[in-house]
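Shown next, in structure tokens, is the structure this report addresses.
The values are calculated or read from the model by the stated rules, or taken from the named source; none is laboratory data. All values reported here derive from a predicted model rather than from experimental measurement. No Cβ is skipped: glycine too gets one built from the backbone with ideal geometry, and neighbour counts run over all protein chains shown. Areas reflect the complete protein model, heavy atoms only, side chains present, ligands, DNA and RNA absent. Shrake-Rupley method; radii C 1.70, N 1.55, O 1.52, S 1.80 Å.
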Amino acid sequence: MKKVTKAVFPVGGMGTRFLPATKSIPKELLPIIDKPLIQYAVEEAIEAGIETLIFITSASKHAISDHFDPMPDLRAKFLSQKKYDLVEKLDTLPLEVKRVFIPQGQPLGLGHAVLQAESMIEDDEMFAVILADDFIQADINPLRRLIDIAEVNGRATISVEAVEESRISSYGVIAPGHWQDDFAAIDEIVEKPEVALAPSNFGVIGRYVLPQSVFAVLSQTQMDDNQEIQLTDALKQLININGLQAVKLAGQRFDCGSQEGFVLANLHVAMQDKKLNTQIKAYLSDC
Ligand code: UTP
């Protein structure tokens, strides 16, 4: 089986929970302190061995492409001033990494966004999907762990996390078979179930490794009541086609698509910085 070397980044959502910030910039460019969410996601992908980045973008927003463009003039200036730390911050993408931008056209859901990558993936190839607004801090690269499991048997492999009861109805929730260590085959997947009907407390989060066959399934998947094609609906079909398996996330995740998750992610990273940590503690003690 071919190695997984391509990752799809769906960044075409409307980000309504972050309006008006997301009027002109995709939410994936919102920063955790000084680094945009998409930069963290791309770094995770490259560390996991990804060589080609495929961004599914909203047609009107070019800022992600701009973010990864080289800035030769400013770079030369910082170099001449020996400001090497700034040079490093400008180098947002290694030159050898390929990037492709595909407009989604209309925001018709995550499944529709993933479907736009079809022409980039070969018949016998698996590929990764990363949702940058799921911000993850982990010792073990979460995508690499998924790839390692997926490359063994070529089955679609997705990341899951135990979620609080009060949040369960916001997630795709799996019915896992027998856990072996951190992974299990998935028997069933239910989109946004009521707590009483949830088959487990394991919710699907934004890291996936999928086979090329998902495109045929996605192209047959009906729109839901919100006129969106859901990736979860296609994953359900994959269970019967060549199987679907889950890997438990080992790390801390923040849902930066929500205001609460975004603020907590910023706090989490800020508290790791000695100076910010002291300032935040001093501020909070006065609140
Ligand atoms: P969300 O479900 O968070 O939707 O998308 P959203 O539109 O981005 O945000 P809200 O709910 O309006 O605030 C999950 C991921 O799927 C991408 C988003 O960019 C995000 O990474 N997505 C969603 C697309 O690329 N296209 C879509 O049509 C929908």
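For residue 80, the conditions (1) within 16 Å of the ligand (Cβ to nearest atom); (2) of a type in the set (S, T, N, Q); (3) open to solvent by 40 Å² or more (accessible area, probe 1.4 Å) are fulfilled apart from (1). Among the residues making up the range 142-179, those that are β-branched (Val, Ile, Thr) and in a helix (DSSP H, G or I) are 147, 149, 152, 168. For the range 230-240, does any single residue satisfy the condition of being more than 16 Å from the ligand (Cβ to nearest atom), surrounded by fewer than 16 Cβ atoms within 10 Å (Cβ to Cβ) and touching a residue at least 24 places away in the same chain (Cβ under 8 Å)? Taking every residue of the range 230-240 in turn, none turns out to be more than 16 Å from the ligand (Cβ to nearest atom), surrounded by fewer than 16 Cβ atoms within 10 Å (Cβ to Cβ) and touching a residue at least 24 places away in the same chain (Cβ under 8 Å).
What about residue 286, is it surrounded by fewer than 13 Cβ atoms within 10 Å (Cβ to Cβ) and either within 20 Å of the chain's Cα centre (by Cα) or at pLDDT below 95 (or both)?
yes
Listed by first and then second residue, the pairs with beta-carbon distance under 9 Å, at least 6 apart or on different chains, first residue in the range 5-20 and in contact (Cβ under 8 Å) with a residue 40 or more places away in the chain and basic (Lys, Arg), second near the ligand (Cβ under 9 Å from one of its atoms) and open to solvent by 10 Å² or more (accessible area, probe 1.4 Å), are 17/27; 17/258. Here is the figure for the range 13-30: residues that are more than 8 Å from the ligand (Cβ to nearest atom), open to solvent by 80 Å² or more (accessible area, probe 1.4 Å), of a type outside the set (D, E, K, R) and at pLDDT below 95 total 1.
Checked against (1) in contact with a Leu (Cβ under 6 Å, 6 or more places away or on another chain); (2) modelled with pLDDT of 95 or more; (3) open to solvent by 20 Å² or more (accessible area, probe 1.4 Å); (4) among the small types (Gly, Ala, Ser), residue 48 meets all criteria but (3).
Can you find a residue in the range 261-270 that is in contact with a Cys (Cβ under 6 Å, 6 or more places away or on another chain) and either open to solvent by less than 50 Å² (accessible area, probe 1.4 Å) or under 28 Å from residue 17 (Cα atoms) (or both)?
The initial filter retains those residues of the range 261-270 that are in contact with a Cys (Cβ under 6 Å, 6 or more places away or on another chain), namely 262, 265.
Filter once more, so that each one left must be either open to solvent by less than 50 Å² (accessible area, probe 1.4 Å) or under 28 Å from residue 17 (Cα atoms) (or both): 262, 265.
Yes, there is a match, as at least one residue in the range 261-270 is in contact with a Cys (Cβ under 6 Å, 6 or more places away or on another chain) and either open to solvent by less than 50 Å² (accessible area, probe 1.4 Å) or under 28 Å from residue 17 (Cα atoms) (or both).
Put simply, of 224, 187 the only residue that is surrounded by fewer than 21 Cβ atoms within 10 Å (Cβ to Cβ), over 17 Å from the mean Cα position of the chain (by Cα) and within 14 Å of the ligand (Cβ to nearest atom) is 224. For residue 8, the conditions (1) closer than 30 Å to residue 145 by Cα; (2) modelled with pLDDT under 95 all hold with the exception of (2). All conditions in (1) under 23 Å from residue 191 (Cα atoms); (2) open to solvent by 50 Å² or more (accessible area, probe 1.4 Å) hold for residue 206, with the sole exception of (2). In the range 88-113, the residue that is farthest from the ligand (Cβ to nearest atom) out of those that are open to solvent by less than 70 Å² (accessible area, probe 1.4 Å) and in contact with a Leu (Cβ under 6 Å, 6 or more places away or on another chain) is 111. Screening the candidates 147, 130 for the property of being in contact with a strand residue (DSSP E or B) (Cβ under 6 Å, 6 or more places away or on another chain), within 16 Å of the ligand (Cβ to nearest atom) and either open to solvent by 20 Å² or more (accessible area, probe 1.4 Å) or modelled with pLDDT of 95 or more (or both) yields one hit, 130.
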